[in-house]
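One structure is given below, encoded as structure tokens.
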Amino acid sequence: MAANGSTDVPEISAEWYRDVVDAAASSPEPVQWFVGHATEGVILLLGALLVLAALTRRSGGPHDRALALIAPVPTLLAYAGSEWLKTVVDEERPCRTVGRAIIAGACPPPGDWSFPSNHSTLAGALAVTTLLLSRRLGLVALPLAALGAFSRVFVGVHYPHDVIAGVLFGALVAVVATPLLARPAAEALRRRTGRADRTVPKLAGRTRH
């Protein structure tokens with residue numbers, strides 16, 4: 001294990017980090033430019049895919065509409081959980097401790113902890129929630145999430161185990177939270193629809209008189 005502030009980093013992760021950032025530093029400038037922008041852009045693309053997946057569910061029954069309604073919530077929960085984990089683990093950024101050239105432009109400031117990767121957590125949660133709403137769009141989102149996670153190591157701001165843990169944590173929250181949240185939301189929509197259906201005949205009866 002490699003010492004890193006208050007946390008010991010797995011040596012194999014530190015070695016992989018060195019290999020990836022060394023390869024990134026020697027890669028062509030267009031590759032560096034693309035990955036440097038993709039590391040932020042992928043999250044926006046995944047968010048757009050989730051919105052599209054939710055829109056495909058809006059015209060369905062109560063369960064489908066409930067899925068569309070709660071679609072953003074698992075990602076928000078995953079992000080909040082990853083922020084909490086950062087304060088528990090207190091792992092320093094590798095760009096601050098390993099001493100390799102990075103292409104991120106600047107290393108995040110001290111106190112902006114490394115484990116788990118927030119970007120990777122968001123990517124995992126967005127991709128898996130999208131998959132649960134739309135298999136077709138989810139199959140596009142999953143490789144995008146993998147690219148987004150890898151990019152965080154490539155630009156030099158995370159260890160590999162940070163991004164792996166982030167993706168898995170985000171995916172787990174999405175798998176657990178999506179059906180748990182959709183069930184009561186669907187029941188609430190059914191009750192609301194039932195009340196509306198009972199109101200319509202009453203109004204129709206009054207109109208006949």
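The values are calculated or read from the model by the stated rules, or taken from the named source; none is laboratory data. Worth saying up front: this structure is predicted, and the values here are computed from it rather than measured. Note that we place each Cβ from the backbone using ideal geometry, even for glycine, and neighbour counts take in every protein chain shown. Keep in mind that these areas ignore ligands, DNA and RNA; they rest on the heavy atoms of the full protein, side chains included. Shrake-Rupley method; radii C 1.70, N 1.55, O 1.52, S 1.80 Å.
Inside the range 23-36, residues that are open to solvent by 70 Å² or more (accessible area, probe 1.4 Å) and in a helix (DSSP H, G or I) make up a count of 4. For the range 131-186, which residues satisfy the criterion of being surrounded by fewer than 21 Cβ atoms within 10 Å (Cβ to Cβ) and among the charged types (D, E, K, R)? Correct list: Arg135, Arg136, Arg183. In the range 1-19, the residue that is most open to solvent (accessible area, probe 1.4 Å) out of those that are modelled with pLDDT of 90 or more and in contact with a helix residue (DSSP H, G or I) (Cβ under 6 Å, 6 or more places away or on another chain) is Trp16.
Name the single residue, out of those in the range 66-96 being over 18 Å from the mean Cα position of the chain (by Cα) and among the aliphatic types (A, V, I, L, M), that is most open to solvent (accessible area, probe 1.4 Å). Across the range 66-96, the extreme among qualifying residues is Val88.
Name the residues in the range 86-135 that are among the small types (Gly, Ala, Ser) and in contact with a strand residue (DSSP E or B) (Cβ under 6 Å, 6 or more places away or on another chain), would you? Correct list: Ser114 only.
Just name the residue that is modelled with the highest pLDDT out of those in the range 37-65 that are open to solvent by 50 Å² or more (accessible area, probe 1.4 Å) and in a loop (DSSP other than H, G, I, E, B). My answer is Arg58. Exactly one residue out of Ala53, Ala80 is among the small types (Gly, Ala, Ser) and touching a residue at least 60 places away in the same chain (Cβ under 8 Å): that is Ala53.
Where helices (runs of 4 or more DSSP H) sit wholly within the range 68-146, those with at least 3 residues that are at pLDDT 90 or above, out of contact with any helix residue (DSSP H, G or I) (no Cβ under 7 Å at 6 or more places or on another chain) and not β-branched (Val, Ile, Thr) occupy 73-89.
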